[in-house]
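Bear in mind these aren't lab numbers, they're just calculated from the coordinates by the rules spelled out. Everything numeric in this text was worked out from a predicted model, so none of it was measured. We place every Cβ from the backbone using ideal geometry, glycine too, and count neighbours over all the protein chains shown.
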Amino acid sequence: MQSPAILGSEKTLVSSKRQFERARSGTHIIFDVGMNNGDDSKHYLSKGYQVVAIEANPILVERARARFQKEIAAGQILIECVGIVDQPGKIPFWINDERDVFSSFDRARAGRNGMKCHPIEIECVTFDKLLTKYGVPYYLKLDAEGAEPYCLKCLQPTSLPEYVSVEAEDFEYLVLLWHLGYRQFKIVDQMRHNSRFPDFGNDNMFSRAAKRACWYADRFKNRFSRVPFARGCSGPFGEATPGTWQTFEEVAYNWLALHFGHHKRGTLNHFSWYDFHAKALPSTDTAQVISHPAKTRCGLENVVGWDRVCNRGKELL
């Protein structure tokens, strides 16, 4: 038997879809892929955006539908309880019994560090189906525990979200963004969303010590204080993210230094974790990039140091 929250949300589903259709050419729409507990969606709603929230875990979806009853009825948010894969159908989804955020279609991901998990069957779709249904979003947030490549590979270079963010756990994600036509990037520290400390570098022992001290202070603040962005949030996006937009090479260098354990290089903190953010070029510039595609290496032969990146990134550092 379905819960009252789910039954109530289904009654407003049709009207919500109609309101989304009417708003396509007006209010910007955000895709929250990997909604989790809904904190990111709440932030986007508070800024006046309409939200398509996508979450495979039905437990989290039921809670979110109860949390956002008013917003669902008003057509501000629509929650899709589906998984995103490369082939549609029903697939086992592993629920992490200790930390919902780690639930995944990959059993190893869901059961990391020996945590308990159990499987359920989930309806899955390809990401292009959601793009056809709702249109290309203004901002695409990806935090889907392994489904990120399926989403990125469905985007079209001639019609990109203006902004996109993806958890920086794999260098492939940055390469996919570059190949799509994104040319402005940031790598954002997920611990520093609420920080007021300067972002120290790694070039000497004093700045590294200061960076570590600030990290502990930020961690304490995030855990025990009332902050704008709760733990686990993806934080601000677009022009609200800290720092200036960088090139592919700059972000790649910093990520590779962190990944290969060169903690005295770059600007990143090896205690923290990061998201890649990307900003699309104006449509005319994007068209120019796509009209002159590169001939080899997925369009990356002109990226400085790409041969060395392919060689496990060590020489680039």
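Summary table
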quantity	calculated
By average C-beta atoms within 10 angstrom, highest first, the peptides 252-263, 189-200	252-263, 189-200
Dimensions in Å of the range 124-277 - Rg and Dmax from alpha carbons	16.4, 52
Cα→Cβ-extended label distance, 7 Å offset, between Lys221 and Asp199, nm	1.4 nm
Extended-chain gain in nm, criterion 0.36 nm per residue less alpha-carbon gap, Lys153 and Asp100	16.5 nm
The range 173-247 - Kirkwood radius from inverse mean 1/r over Cα pairs (Å)	14.1 Å
Protection proxy ranking of 59-68, 84-93, 118-127 - average other beta-carbon atoms within 10 Å, highest first	59-68, 118-127, 84-93
18 Å Cα-Cα threshold exceeded, pairs from Lys90/Lys129; Lys47/Lys70; Lys141/Lys279; Lys42/Lys279; Lys186/Lys279	Lys42/Lys279
Dimensionless Rg/Rh of the range 32-108 - Kirkwood Rh, Rg from C-alpha atoms	0.99
